[in-house]
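Please read the structure below before turning to the comments.
Values in this text are rule-based calculations from the coordinates and carry no lab data. Every value quoted in this text rests on a predicted model; they were computed, and no experiment measured them. Cβ sites come from the backbone with ideal geometry, for glycine too, and all protein chains shown count toward neighbours.
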Amino acid sequence: MTTRTQTENLQRRATDRAATGVAALQDALLRLTRPLTVVEIDGQPGFTADGNRAEPFLAWVPALEPGRLGDPDFLTRHGVRYAYAAGAMANGIASEALVCAMARAGFLAFFGSAGLSVPRVEQAIARLQRDIPDLPFGFNLIHSPGEPGLEDAVVDLYLRAGVRKVCASAFLTLTLPVVRYRFAGIHRDANGAVVTPNMVLGKVSRTEVARKFFSPPPAAMLRALVEQGHLTEAQAEMAAFLPVAEDVTAEADSGGHTDNRPALSLFPTIAALRDELQQQFEYARPLRVGLAGGIGTPAAAAAAFAMGAAYVMTGSINQCSREAGTSDAVREMLAHADQADVTMAPAADMFEMGVKVQVLKWGTMFPVRARKLYELYRAHESLEALPPAERQVLERDYFRRSVEDEWAQTSAFFAARDPRQIERAERDARHKMALVFRSYLGQSSRWANAGEGARKVDYQIWCGPAMGAFNEWVKGSFLEAVEERRVATIALNLMFGAAVLTRLSWLRGQRVAIPAAAQRFVPLRPERIHELLQEKEI
């Protein structure tokens with residue numbers, strides 16, 4: 001039992017350590033390993049990180065390290081320290097260097113294999129398995145309705161190479177390859193528990209697609225996989241009671257493929273669906289929902305976790321990092337981007353379907369030119385049917401060669417990648433036109449990644465409004481400089497800052513008046529963050 005003297009000593013200790021003012025509050029908030037106490041000092045709130053609840057007591061919030069944000073089961077299942085994933089930006093923008101840096105810092109990251117050849121992806125697998133053999137990482141599996149054989153080839157590679165995690169993106173529905181990947185090698189352990197070696201993180205913005213990922217695979221697909229020899233009857237029976245994905249990322253207003261959904265509306269909808277299907281199927285391991293799209297500041301990350309996100313996923317902001325597989329020219333363009341400097345443009349991989357991607361419009365003519373190509377595709381039946389004036393503009397400004405030479409290059413590309421596309425083009429003039437137009441769209445991203453100065457006006461740079469928000473947040477800090485933007489430094493600051501702002505919110509809930517100057521988390525050098533996280537409670 002605490003005596004009056006002990007109480008007075010605790011009170012004196014708290015008030016002695018406490019200090020008033022913005023600097024004192026900011027200092028106490030940053031000490032995330034220690035509880036924060038607010039006491040009254042001469043009628044003003046005094047802040048201390050000594051953790052003692054002593055009178056005159058006004059408020060108290062517990063310690064909150066960034067590794068405690070999100071779903072602890074996500075951390076355990078994926079073997080990471082933080083509930084944060086770096087998305088698989090295509091064409092190797094989410095590079096081997098980026099994946100290694102994130103894995104070594106305790107984050108999950110996915111290599112951006114979409115748009116790359118199978119041999120190039122195989123090369124990336126070999127490097128990552130060599131450089132970070134004992135750390136978690138994953139690869140992208142993108143829906144390829146125009147090239148269904150590509151999905152099969154990529155899944156064949158992943159299974160052969162032992163890739164254990166994929167981020168399944170841009171799926172309009174389930175396909176046999178993604179189901180085959182998920183349940184390949186399914187078996188029972190010595191205790192009879194079902195083990196699935198491969199994990200799928202579905203990235204979706206539509207509830208009907210989320211439902212498919214969170215549900216067991218359709219019986220027809222399992223039968224097909226059995227008939228094709230990819231699963232045994234016993235394996236198909238086990239798979240019939242498991243979800244295709246335990247993790248689904250609600251993809252809001254992101255760069256690249258996106259439906260521009262508002263995160264505040266999308267996440268609760270997908271979370272409600274998760275709860276419905278968890279109750280319906282009674283999975284042994286609960287389903288999880290993460291959030292992507294617009295995550296470019298600690299405030300956005302904190303909001304995601306406050307809504308119940310199991311994890312957050314970033315994309316656009318990683319593209320400006322030093323480790324990203326892109327050019328310095330692109331990094332500089334991204335560093336100047338505002339939130340309004342993005343727009344939608346036709347996607348190369350789903351061009352004929354009218355699917356769009358979100359891209360940077362500042363400093364490039366790509367969005368305008370891409371939309372023009374789609375208009376021409378919709379209005380004409382073949383390259384030969386293009387009006388002479390339109391054809392002249394394409395040859396002069398877009399292709400910078402004759403249409404015939406552009407087709408020759410396109411034909412050579414698809415002859416190596418998917419010869420069936422050439423066979424179809426010989427029968428279908430409109431498909432031939434689509435392949436030529438897709439060639440421009442596809443090369444525009446590679447020109448950007450390579451930093452081809454002569455093609456800067458044609459750069460396709462996938463980007464969402466998170467990039468502009470990030471630039472506004474880091475203005476005036478060390479992260480404003482492009483050369484300081486390391487992917488793990490960015491991630492660590494977002495998670496640390498999210499924890500700081502979460503504690504700030506808890507103070508507001510106890511009616512502590514927060515000065516405007518204390519409501520913003522300023523980026524910290526990683527060594528300072530690690531120093532703060534190593535502090536022990538007093």
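A few points about this structure:
- Student exercise, the range 68-326 dipole from Lys, Arg, Asp, Glu Cβ charges, in Debye to nearest 20: 440 debye
- Filter on K356/K432; K432/K456; K165/K536; K165/K356; K361/K475 - keep pairs with C-alpha separation over 30 Å: K165/K536
- Charge dipole (the chain, unit charges on Cβ, about Cα centre) - positive-most of A310, Q339, A389: A310
- Restricting the range 429-538 to GluC sites (Glu not before Pro) that sit in a DSSP loop and have at most 16 other Cβ atoms within 10 Å of their own Cβ leaves E452, E535, E537.
- Stretching the chain fully between S505 and V118 yields a gain of 134.6 nm (0.36 nm per residue, less the alpha carbon separation).
- The chain: angle of helix 4-17 to the longest principal axis, Cα-based, in degrees nearest 10: 50 degrees
- The DSSP beta bridges internal to the chain are antiparallel in roughly 45% of cases.
- Stokes-Einstein translational diffusion, the range 340-458 - Kirkwood Rh over all Cα pairs, 1.002 mPa s, 20 °C, in µm²/s: 146 µm²/s
- Of the GluC sites (Glu not before Pro) in the range 381-414, the ones in a loop by DSSP (not H, G, I, E or B) with at most 11 other beta carbons within 10 Å are E384.
- Segment A190-D27, length gained on full extension (0.36 nm per residue, minus Cα span): 53.5 nm
- Sorted peptide list for 75-84, 124-133, criterion being average Cβ within 10 angstrom, highest first: 75-84, 124-133
- Computed Rg/Rh of the range 56-164, alpha carbon atoms with Kirkwood Rh: 1.14
- Answer label for volume of the Cα convex hull per residue in Å³ (calculated), chosen among (i) 165; (ii) 186; (iii) 177: (i)
- Placing unit charges on the Cβ atoms only, positive for Lys and Arg and negative for Asp and Glu, gives the chain a dipole magnitude near 500 debye about its Cα centre.
- Qualifying trypsin sites (Lys or Arg not before Pro) for the range 405-486 [loop in DSSP, other Cβ within 10 Å: at most 14]: K475
- Length added when fully stretched, V457-A481, from 0.36 nm per residue minus Cα-Cα: 6.3 nm
- Considering only P145, I270, G21, the residue lying farthest towards the positive end of the dipole of the chain is G21, judged by Cα position with unit charges set on Cβ.
- With contacts taken as Cα pairs under 8 Å at a separation of at least 6 residues, the chain carries a relative contact order of 16 percent.
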